[in-house]
Every structure is written in C-alpha cells, then in structure tokens.
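Participant: Input: one structure, supplied below.
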Amino acid sequence: MPGFYIEAMTATDSRGFDPGGYFAFDLARGAVHTRHGERVLVLASDVLGPLVSTAVRQGDLTAVRMLGKRIGEDAQRSLGGDVKGATPEAVITHASGMLSLLGWGTLQLERWGQALVLVLEGAPSLDNERLGLAALLGGLLTSLGGRDIACVPVDGARFVIVHPSIAEAVWSWSKDGKDLASVIARLAPEAA
Amino acid sequence: MTAAKVQKLRALLERVERRRKEPRLVSVTGGAQVASANTNETLRTLEVVPAQAPLLAPPSSLPPPSSMPPPALPALDATLRSPPPPPPSSMPPPARRTPSSTLPPEVVPASPRAPTEVLPAAQARIAPASPVPFDSAVRVATPPRIDAPKTFGELLEQSLALRPRA
C-alpha cells in the first residue's frame, strides 16, 4: 500500500551542519558575501512575499527556483561528499541547516510508502498556494539530486517530491482538496 | 545375626533404596531436559514458531490458527494425566514419584508451557533438515527486515519513479 506513513527523518546527523562564518559582512564596501564568495542580500520577508506572489501570477518562478538551487549547492558543499550515497538524515541535516541560516524555516523529510515528502516549517508566507516555497524546494532538491525534481504543495507545510512530468496532475489533486494520504495513494511505481 | 543374614538384609535395603530412586529419575528426565536446555529459549522458540510456521510448512500440515497459541498446553496436560509407561516391576506406585518440591531447583520446569513432547515438533517446523540451536532457529523464523536502510539517492529515485495509477 503506497500511502502509509513510514518515518520522518529530521536533521539529527552526527556530522552536524556548521553555520559558523557563513556570512561575511563587508561594511567598508557595503556588501554581504557567503563563505563561498557569493554576494547576497538580506531582505525583509514581507518584501519578498509580494515579489514571489507576482511571479506566481505571471507563471514564472525561475528566480525562486534558482535561489533554491543555490541553497542546494551550499548544502551539498556543507555535506562535503556524495549526496546520493549519503544517508537521508545527513542530507536533510545540511539542507535544513542552510534553509534555517537563510531564514526559510526548518526542513524535515518523511517517507510515505515509496513517496518522499518534505516538511518545511516556520517558512515565511510568500503566496497563498505556497507555490513559491514549492519552487524553492524544487530547486534545492534539483541541486541535491542532480536532476530535475518538482515539489508539489499538499497538506499544510508538506510538499510531495515527484517527477516534474506528473507535478501538474498531483497539484490538481491537491487543489481538489485531496489530503496527503489520498494523493500518495493515487501514485504507483512506474511500470518497467 | 549371622553374616549371611546381615548381607541379605543389606541387599534388601539397597534394592528398596534403588526402587525409591529409579522412578524419580525416570519422571524428571523430560522436565530436566527441557529446563537444562535453557527453559527461556525453549519458551521463546515455542512462542515464535506458531506465528512463523505457516511460512515454512505447508498449510495442510499445520493446526488451524485458532489452535496455535499455545498448542503445548493440552498436549502437556494429556501427557501428565495419561498413565505412565508400564513401570518395571520394581517401580513403586506413581504417588511416590518425585513431587516437584523434592526436585533440585535446576530441574524444576520454570513454566508448565515447556513440555518435552511439543518441542521436537516445533523445532521441526523451523528447521526440518537438521537440529538447529534455539537461537538460530528463532533467527531463521524471523521475517527479513522489509524496510532496509537506503541512501538518499535510492529513496529519491523511488519517489521520482511514482506515476499516477491507471
């Protein structure tokens, strides 16, 4: 049965995430850089929200997805090894650490049968349908997984991780009011 | 009293003493074997076997599920109540046979659920080919872990392989 809940994987890996020295504030030049040398801006969330809402209305969340990819790259560097071969706990530890450091809330991974579900708690409110956060997490996982991945908002703070080709279908079920278990029960492994 | 009489009397006393001891050994053997083979493990095996047996034995050879937990008790009772095998002519009446209070602690069965008669059958369902240590038998009977640990990549691929049901 594909829809039953198995376990939650939280950020508890022993090789902890190190937030020390991530931001370098260069007051003389008026710039903030990450420890990898990328220039970043510190924005108020109520400024970013309307920007994301506008992007959702225009159907183009490329910029948010790009931000997610950057966060994923940082998480990958923080993990310091092969992401796919790492334990889910280790990956989530570093991904959640990065998101927390940037103020995007805390991340958790859940297994529902064969489906993976991300739980993002404490995230700023960007748009009503949480498509901005879905794009952010999709970009994050695309970096970590090394292939295009989509996250679809279902049930509160949860996002189902799916192949981009079925994201629209899953999203339509979610909009129809199906809860997470019902959505996952409609999925089955692809026939070989 | 002559020496011959003394010797005769002594022989008689020895025979009486042997008679007193013989049945005790006979009646304790079953329990002693079970207990000395580690009663706890025996019990564990017996408790595990009914649940696992359908996996390893053809269904027709198994008792119906309702009779599984624990099949040993009726068998034990029946065994205890049934008349013992014909005793040797020298065996005293059953009433004198080793009340459990006279047994040394190590041979007193810890529980009435460890009958010798049931044990071989239970083991046979687990490992019919050869006798297996109890611990091994229990491990064999334990179902394999369904949800083996997976890497992040494996879990991710599983999730990405999901498609809408037809």
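Participant: Provide A:29, B:19 in ascending order of the number of other Cβ atoms located within 10 Å of each residue's Cβ, fewest first. Before the final figure, lay out the partial values.
Facilitator: Working: A:29 8, B:19 16.
Least crowded to most crowded, the residues run A:29, B:19.
Participant: Report, in order of residue number, the helices in chain A meeting two criteria: a C-alpha extent of 24 Å or more along the helix axis, and a mean Kyte-Doolittle hydropathy of at least -1.0; treat each whole DSSP H run as one helix. The partial results should precede the final answer.
Facilitator: Values: long enough: A:62-79 (25 Å, -0.47).
Passing helices, by number: A:62-79.
Participant: So how do A:34-40, A:118-124 stack up, highest first, on mean other-Cβ count within 10 Å? Let's see the in-between values first.
Facilitator: Working: A:34-40: 12.1, A:118-124: 17.7.
Final packing ranking: A:118-124, A:34-40.
Participant: Using the crude model of +1 on Lys and Arg Cβ and -1 on Asp and Glu Cβ, and no other charge, please compute the dipole size for the stretch A:40-192 relative to its Cα centre, in debye to 20.
Facilitator: Values: 13 positive and 16 negative charges, 33 e Å.
Around 160 debye, computed over the stretch A:40-192.
Participant: Within a Cβ distance under 14 Å of residue A:191, other residues only, what is the Lys/Arg minus Asp/Glu net charge?
Facilitator: +1
Participant: Same structure again: Using Cβ counts within 10 Å as a stand-in for footprinting exposure, how do A:140, A:102 rank, fewest first?
Facilitator: Working: A:140 30, A:102 18.
So the ranking, lowest neighbour count to highest, is A:102, A:140.
Participant: Take the Cβ-Cβ distance between residue A:147 and residue A:186 as r, set R0 to 22 Å, and report the resulting FRET efficiency rounded to the nearest 0.05.
Facilitator: After rounding to 0.05, the efficiency reads 0.45.
Participant: Just need the relative contact order of the stretch A:12-83 here, percent rounded to a whole number, with Cα pairs under 8 Å and 6+ apart.
Facilitator: On the way: 31 pairs, mean separation 13.9, N = 72.
It comes to 19 percent, rounded to a whole number.
Participant: Can you sort A:142, B:2 by how many other beta carbons sit within 10 Å, fewest first? Numbers along the way, then the final one.
Facilitator: Numbers: A:142 19, B:2 7.
Fewest-to-most Cβ neighbours within 10 Å comes out as B:2, A:142.
Participant: Still on this structure: Among all the lysines, which ones have a C-alpha under 30 Å from residue A:178's C-alpha, if same-chain residues fewer than 8 places away are not counted?
Facilitator: A:69, B:150
Participant: A follow-up question, please. Sort the following peptides by mean Cβ neighbour count (other Cβ atoms within 10 Å, averaged over residues), highest first: A:175-183, A:107-115, A:48-56.
Facilitator: Details: A:175-183: 14.9, A:107-115: 21.6, A:48-56: 16.8.
The peptides rank, most packed first, as A:107-115, A:48-56, A:175-183.
Every number here is computed from the coordinates shown, using simple stated rules; none is lab data. This one's a predicted model, so the numbers in the text were calculated from it and none came from an experiment. Glycine gets a Cβ as well: all are built from the backbone with ideal geometry, and neighbour counts include every protein chain shown.
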